[in-house]
Amino acid sequence: MKIEKWELAVILTLSIAAWFSTEARGQTLGAGFTEAGTPAVSGKVYQFAKIADGVYYATSNGPMAAGGNHPIIVNENDVLLVDDGTTPGAARALLEDLKLITNKPVRWVVNTHFHYDHTDGNSIFGPDVQIIGHEYVRKAILDDVLHREPFKTSVGNMANQAEALKKKIADEKDAAKRAALEAQLTAAQADLEQLRNIKPTPPNVTYSSKMTIYSGQREIQILFLGRGHTQGDTVVYLPKERVVCTGDLMESRLAYMGSGVFDEWVTTLDAVKELDFDAVLPGHGVPFHEKSLITAFQSYLKDFMRQGADLRKQGLSADQTAQKVDLTSHKADFPQIQGPGADLRGVRRLYEWMDERAGGK
Ligand SMILES: [Zn+2]
């Protein structure tokens, strides 16, 4: 079954509008789907946009520590969930809201990669649920994942945000504004509490290059197309529905680069482009269909690698390069670029990666 062009156009137009309106606040889209009356169902925390028959895209705009977006595949008798959120609480909220769409049981969860915002709901599932990930994901989660990036800094940031909110509340004279800040603080503290509840739980089913799930009429391909965003990224591909779920290997915006394998990321994206699809459902951002956006991201990555290597040759440290690197020429494709500079964790990883390459890894 194909997605009708107009359906995708509606989803894209509305979601891109939502993206621009929410991106400035550093959030993913969500509310835009329902505000505009598109085929979406709104739960307490998650909204579900219909992409194809039985294929949904769940997004959240809070109040929980919302992580990535979730493609959800509802089959004749069961459900496959792509990624399961930042915390056990977020995953429970997702399952609760999912009842608005289906009462069929979740039988599979695919972890697209090891990052906490895609896997830390894993602990709520019993042994009857198969949590599938690339074999690297299991290894990474078992390797003291909470003391490594990106969890380490992200959780630190959340604690700092809560402290900053407390200060703002103390200084705020306007009662209505103070109430709004207090609500934000309550939500932030609840998020922090949830983060403390995390029990790193690795996939209980791993694979190395490809596995296929057949459920009723549905064929779901679980593909490792190469390293990129991390060393074990999974792409979930529905050949009949022509939908590809890319995790953070390809977002509609710039991805976190702190675990990147940069040169292979570019070639893995070539492999993604070779799939036959009408819609890309990314781990963050909005659905899209243009292969040109993938090419644009590849060009961003190449530029990042080239400039990083040049600046390092000039003797700049990773921290200095993070200030100096200038990727503003990619702003038209990635409007989140506001000026020169790049995420420090991405640049530190770039330096580490250059060392690995020099060492022949
Ligand atoms: Zn990620």
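The values are calculated or read from the model by the stated rules, or taken from the named source; none is laboratory data. Since the model is a prediction, treat every value here as computed from it, not as a measurement. Quick reminder, even Gly has a Cβ in these numbers, built from the backbone with ideal geometry, and neighbours come from all protein chains shown.
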Report task. For A164, work out the one condition from (1) touching a helix residue (DSSP H, G or I) at 6+ places or on another chain (Cβ under 6 Å); (2) without any contact (Cβ under 8 Å) to a residue 40 or more places away in the chain it doesn't fulfil. Result -> (1)
Query raised in the report: When you go through L327, L350, L316, L311 one by one, which is the residue that is modelled with pLDDT of 95 or more, touching a Pro at 6+ places or on another chain (Cβ under 9 Å) and of a type in the set (A, V, I, L, M, F, W, C)?
Result: L327
Query - Residue identified as within 16 Å of the chain's Cα centre (by Cα), within 12 Å of the ligand (Cβ to nearest atom), on the phi > 0 side of the Ramachandran plot and not polar (S, T, N, Q) among G232, G247, G258 - result: G247
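So that you can scan it fast, the table gives a plain yes or no per residue for (1) hydroxyl-bearing (S, T, Y); (2) touching a Pro at 6+ places or on another chain (Cβ under 9 Å); (3) part of a loop (DSSP other than H, G, I, E, B); (4) crowded, with 22+ Cβ neighbours inside 10 Å:
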| position | (1), (2), (3), (4) |
| --- | --- |
| G228 | no, no, yes, yes |
| S252 | yes, yes, yes, yes |
| D263 | no, no, no, no |
| T267 | yes, no, no, no |
| D270 | no, no, no, no |
Query raised in the report: Just wondering, is there one or more residues in the range 311-323 that are touching a residue at least 40 places away in the same chain (Cβ under 8 Å) and outside any loop (DSSP other than H, G, I, E, B)?
Result: yes
Query raised in the report: Of all the helices (runs of 4 or more DSSP H) wholly in the range 70-174, which have at least 1 residues that are more than 14 Å from the ligand (Cβ to nearest atom) and at pLDDT below 95?
Result: 88-98, 151-171
